[in-house]
Each structure stands twice: as structure tokens, then as C-alpha cells.
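A.B. asks: Below is one structure. I have some questions about it.
The values are calculated or read from the model by the stated rules, or taken from the named source; none is laboratory data. Keep in mind it's a predicted model, so treat the numbers as computed, not measured. FYI the Cβ positions are ideal-geometry reconstructions off the backbone, even for glycines, and counts take in every protein chain you see. For accessibility, only protein heavy atoms count, side chains too; no ligands or nucleic acids. Shrake-Rupley method; radii C 1.70, N 1.55, O 1.52, S 1.80 Å.
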Amino acid sequence: EKGTYPHYMLKEIDEQPFVMRNIIKHYQNEDGNLKLDDDIREAMKETDRIYIVACGTSYNAGLVGKQLIENIAKVPVEVHIASEFVYNMPLLSEKPLFIFISQSGETADSRAVLVAIKKLGHKALTITNVPGSTLSREANYTLNLYAGPEIAVASTKAYTAQIAVLAILAVDAARAQGIELDFNPLQELAIVANAIESLTDQKETMERVAQEYLSETRNAFFIGRAVDYFVCLEGSLKLKEISYIQAEGFAGGELKHGTIALIEDGTPVIALSTQEHVDLSIRGNVKEVAARGANTCVISTEVTKDEGDRIVLPEVHEYLTPLVSVVPLQLIAYYAALHRDCDVDKPRNLAKSVTVE
Ligand code: F6R
């Protein structure tokens, strides 16, 4: 039930701190340590390459997951769009492990890949919000998201839950290999929960940004580098699907290779900067587009904060910044759609779970 909320989407955005705490609870044992199935740990230890397969928002979470697994567990990861994988299967490694990420666990495009790789004798892990779903039943292993039912067509809390669970999986896999870490995901996710809360408390700011930048526009850009770029892809998908504004998530440095031609007077460009090592370069990109008339809005973390930044994100572990940086983008998309009189929870042409290929 959406209770006093005008839309499920807003309720589900607000539920994210609770979901983080729920994940912490379900993935720890009595002594406070990480708890994951031995079978999953074994599979992660055995594999020489992970293939993440997903669609839409779950694919975007997979891109962040690749970075987490490669950085933390040191296992190479490829991320594939399910509907492409079936027609263009990459060369597989000797001991591949497939990870299907799917909120619903019913997405036909992902299932087609699962069927194909099972025929080849490969193993699969499904990360899903629906434990009894098709993808969960048909895979060898399942990790639950514990996000509670997601009703709004635009996925929000499932995305953050997917990234949180991928971080836990990465740490468990690292420990199984004896890799020393100074990153405790359960502790860090508790900090993330509070950080998200402080952002969902700033709805007026997000609404103002939406109105100021997106109320009249036909298009918009989200730019970032490194992991911020992946979050920009998710931010632009959110905006597209519910507000019908043509939006593009773009890698800051790639703009000058053609796409910057689209920047004109008043084009909204929302930039993310959460990583110290790319802060200077993304700010350079902001200057480039501002010089061509773009209406720029910088969202940064405490560590990369600069004068004039519109939204400052609370500090969290650098591995987990997508969990907080996506929240303003979700809220901005929500308010943009609301002010353009769009049907937020049921956008045109879309269904909650896509059961056709
Ligand atoms: C976007 C959205 C879709 C889904 C995609 C995959 O907000 O909801 O892009 O993420 O259809 O769905 P699942 O995760 O159920 O496989």
C-alpha cells in the first residue's frame, strides 16, 4: 500500500534506507560477520571470469557490480545486455560463472540467456527480489534483495539493493581467496542508509532542481566519469521513462568526440562528481559545456565539493557512492515527471515485468 504517498515511486525511493538495513540484517550471522551460502562462495572462488547478464536498470546495477567485483575480489567481469547476448555470444572463458540480475526474476530476455548457458553446462547465480521467480528457480544459486515488493514501473530501491548485494558478494569472494580488506560492507552500508536518509529529507531541493533545469526542456544530459558514468546511465533512464524527456547518460571525456554538438543555449547538463581521481576532469567537462551555453548542475560528494555545486552528497565509502549519488537523480526524475503531468507510476508503453523477448 502506498499509504500517504502520492505515488509508489516516491514511497520506494524513501524506503531505500530501510532496504539497506534489511540487507545488513539478512546478510550477517550472530557474530556480526558476513553470511553467504558456501556453494556461492565456492562458485565465486572456482570461476575465472564472471558474466553479468541483465536488462535496463538491472544492467546499470551490473555495471557498478563489475567495478565492485573487479576491485574487491579481483575477478574479471563482463557485463552484457541480455537481449544482445543471445544473438552475439562472447567468447567464454574456461570456467565462466553467470550472474543474472533481475528485480522481477521473470524477464524473458534474461531467461533466454539462462536457458542457453545451461545447455552449455554453465552455472548461474540469480540476484533477485522475488525468490520463487523463474530466474531464481532455474539458476543454481540465488541471492535475495530483500527490498520488498517494487510496484512503480520505474525501478529505484531494487537498483540500490542490487548494488548493495553485489558489494557483499564481492567481499565474500575476496575473503574466500584470502584477500585482506579494510572494507566492511555491513558497516559501510549502515553509513549509506543514513546518507540516503539525509538526501530523501531534501526533497524541496530536488524538486527545485527539477523545476529549474527540466520543466521546459526537450532533452537533458547526465555526465560523469568512472563509476559516476554508470550512475548517469541510470539517472538518464529514470528521467526518460517517466518524464519522456530525451536524456543521455554520457562519459564526460567522450563528449568532445561528437556529442557536444548537441549542447546549445539552455541544454540541461547534470554532472556527477563523487570520485577524487576524476573530479578535476569532470569539472573540466562542465566548463566545456557551460561555455557552449549549457545550464549546468553539479552534484558532488563532500570530498569533491566545490563552490557552486548544487547538491552535496554525504560522505560514504568510495566503493558505495552510487548508492547515494543515484538518489538525487531518482528524485529529480520523479519531480520532473510530476511537474510535466506524467503518470509517474505507470509510464506509457512500459510494463513492470517484461515477459516477452
Ligand atoms: C527501469 C526498469 C527496467 C527494468 C528491466 C529489467 O526502471 O524498471 O529497465 O530494470 O526491465 O527488469 P528486471 O530487473 O525485473 O529483470
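A.B. asks: Do you know which of the residues in segment 218-241 that are more than 17 Å from the chain's Cα centre (by Cα) and more than 17 Å from Leu331 (Cα to Cα) is nearest to the ligand (Cβ to nearest atom)?
C.D. replies: Asn219
A.B. asks: Restricting segment 254-295 to residues that are of a type in the set (S, T, N, Q) and touching a residue at least 60 places away in the same chain (Cβ under 8 Å), which is least open to solvent (accessible area, probe 1.4 Å)?
C.D. replies: Asn285
A.B. asks: Further question: Which of the residues that make up segment 102-154 are among the acidic types (Asp, Glu) and under 18 Å from Asn60 (Cα atoms)?
C.D. replies: Answer for segment 102-154, where residues must be among the acidic types (Asp, Glu) and under 18 Å from Asn60 (Cα atoms): Glu106, Asp109, Glu150.
A.B. asks: Now for a different question. Would you check which residues across segment 144-177 are among the small types (Gly, Ala, Ser) and modelled with pLDDT of 95 or more and list them?
C.D. replies: Across segment 144-177, the qualifying residues are Ala147, Gly148, Ala152, Ala154, Ser155, Ala158, Ala161, Ala164, Ala167, Ala170, Ala173, Ala174.
A.B. asks: May I pose another question? Go through segment 313-357 residue by residue and tally those that are small (Gly, Ala, Ser), away from the ligand (no atom under 16 Å from the Cβ) and over 16 Å from the mean Cα position of the chain (by Cα).
C.D. replies: Final tally of qualifying residues: 0.
A.B. asks: Taking interchain pairs and intrachain pairs at least six residues apart, which have beta carbon atoms under 8 angstrom, with the first residue in segment 336-357 and more than 23 Å from Tyr87 (Cβ to Cβ) and the second away from the ligand (no atom under 14 Å from the Cβ) and of a type in the set (Val, Ile, Thr)?
C.D. replies: Close Cβ pairs (under 8 Å, with a partner that is away from the ligand (no atom under 14 Å from the Cβ) and of a type in the set (Val, Ile, Thr)) amount to Ala336/Ile245; Arg340/Ile245.
A.B. asks: Hand me the list of helices (runs of 4 or more DSSP H) wholly inside segment 21-119 holding 3 or more residues that are open to solvent by 70 Å² or more (accessible area, probe 1.4 Å), at pLDDT below 95 and within 16 Å of the ligand (Cβ to nearest atom).
C.D. replies: In segment 21-119, there are no helices (runs of 4 or more DSSP H) which contain 3 or more residues that are open to solvent by 70 Å² or more (accessible area, probe 1.4 Å), at pLDDT below 95 and within 16 Å of the ligand (Cβ to nearest atom).
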